[in-house]
Amino acid sequence: MNLLVGIDTEGDNQWDAHARAHQQFENIYALPRLHALFARHGVRPTYVITYPVARDARSGDVLRGLLAGGGCEIGAHHHAWETPPCSAEDVRRHPYASALPRSQFENQLASLTAAIETAVGMRPVSYRSGRFGFSAEHVAGLERLGYLVESSVAPLFYESHKGGPEFVEAPLELSIRTLEISNDLLRIG
């Protein structure tokens, strides 16, 4: 059995507009403690990081240190409202990536991929869309940039009433098994 652990690695308090405008990364600077816990239990996490994280020098140092120690992967976490090219309107409305024009999505994906490669010295192959804003139209762009894993589809997620995606029909089996394993890990920790 394989346990997949993806950690959304982003600026502090992403749900507050003021915090998004004045990014801080204290949570990322504390990742070595979490990583040590994972290592003790044989868990190999994927830290999916946002564009601002990739551009923060201290976060880059932390992430390169984790990679150098082994036992993890760095992937991409796409926030459509803070990955260039984005507009002031994108920042204000906090859009799902699935709502972006295809060309803007692909340009943002290229920016994010390049920023991560610069920050940690390797190209990411795992991807997660912020707010689970995945669209089937994204697959070709992800493949062109060498992504192999996409983890944005969340069974039972329903946000079409907010202009977002809905994955109500997605299979539950893998998700339920993942939750069972996650609960076991919490009891171990």
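The values are calculated or read from the model by the stated rules, or taken from the named source; none is laboratory data. Values in this document were obtained by computation on a predicted structure and should not be read as measured data. With ideal geometry, Cβ positions are generated from the backbone for all residues, glycine too; neighbour counts draw on all protein chains shown. Only protein heavy atoms, including side chains, enter the accessible area calculation; ligands, DNA and RNA are left aside. Shrake-Rupley method; radii C 1.70, N 1.55, O 1.52, S 1.80 Å.
The set of residues in the range 119-135 being of a type in the set (S, T, N, Q) and either crowded, with 21+ Cβ neighbours inside 10 Å or within 12 Å of residue 74 (Cβ to Cβ) (or both) consists of 126, 129. Which of the residues that make up the range 45-74 are outside any helix (DSSP H, G or I) and buried (at least 16 other Cβ atoms within 10 Å of the Cβ)? 45, 46, 47, 48, 49, 50, 56, 72, 73, 74, listed by residue number. Restricting the first member to the range 23-51 and to residues that are within 21 Å of residue 132 (Cα to Cα) and in contact (Cβ under 8 Å) with a residue 12 or more places away in the chain, and the second to residues that are in a helix (DSSP H, G or I) and among the aromatic types (Phe, Trp, Tyr), the beta-carbon pairs closer than 9 Å and six or more apart or on different chains are 45/38. Candidates 82, 137: the one that is in a helix (DSSP H, G or I) and either touching a helix residue (DSSP H, G or I) at 6+ places or on another chain (Cβ under 8 Å) or not hydroxyl-bearing (Ser, Thr, Tyr) (or both) is 137.
Every residue, every condition in (1) among the aliphatic types (A, V, I, L, M); (2) out of contact with any strand residue (DSSP E or B) (no Cβ under 7 Å at 6 or more places or on another chain); (3) part of a helix (DSSP H, G or I); (4) under 30 Å from residue 68 (Cα atoms), yes or no:
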site	(1), (2), (3), (4)
90	no, yes, yes, no
103	no, yes, yes, no
108	no, no, yes, yes
111	no, yes, yes, yes
118	no, yes, yes, yes
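Only one of the numbered conditions (1) in contact with a strand residue (DSSP E or B) (Cβ under 9 Å, 6 or more places away or on another chain); (2) open to solvent by 30 Å² or more (accessible area, probe 1.4 Å); (3) of a type outside the set (Ser, Thr, Tyr); (4) in a helix (DSSP H, G or I) is not met by residue 7, and that is (4).
The listed residues are 18, 35, 77, and the only one of them that is outside any strand (DSSP E or B) and either open to solvent by less than 70 Å² (accessible area, probe 1.4 Å) or closer than 26 Å to residue 136 by Cα (or both) turns out to be 35. Every condition in (1) more than 13 Å from residue 119 (Cβ to Cβ); (2) free of Cβ contacts under 8 Å to residues at least 24 places away in the same chain is met by residue 57 except one, and the failing one is (1). Here residue 115 passes the criteria (1) of a type in the set (Gly, Ala, Ser); (2) at pLDDT 90 or above; (3) open to solvent by 30 Å² or more (accessible area, probe 1.4 Å) except the one numbered (3). Is it true that some residue in the range 89-107 is of a type in the set (S, T, N, Q) and open to solvent by less than 20 Å² (accessible area, probe 1.4 Å)? Looking for residues that are of a type in the set (S, T, N, Q) and open to solvent by less than 20 Å² (accessible area, probe 1.4 Å), one finds none in the range 89-107, hence no.
Taken together, the residues in the range 127-154 that are within 19 Å of residue 52 (Cα to Cα) and either of a type outside the set (Gly, Ala, Ser) or modelled with pLDDT of 95 or more (or both) amount to 4.
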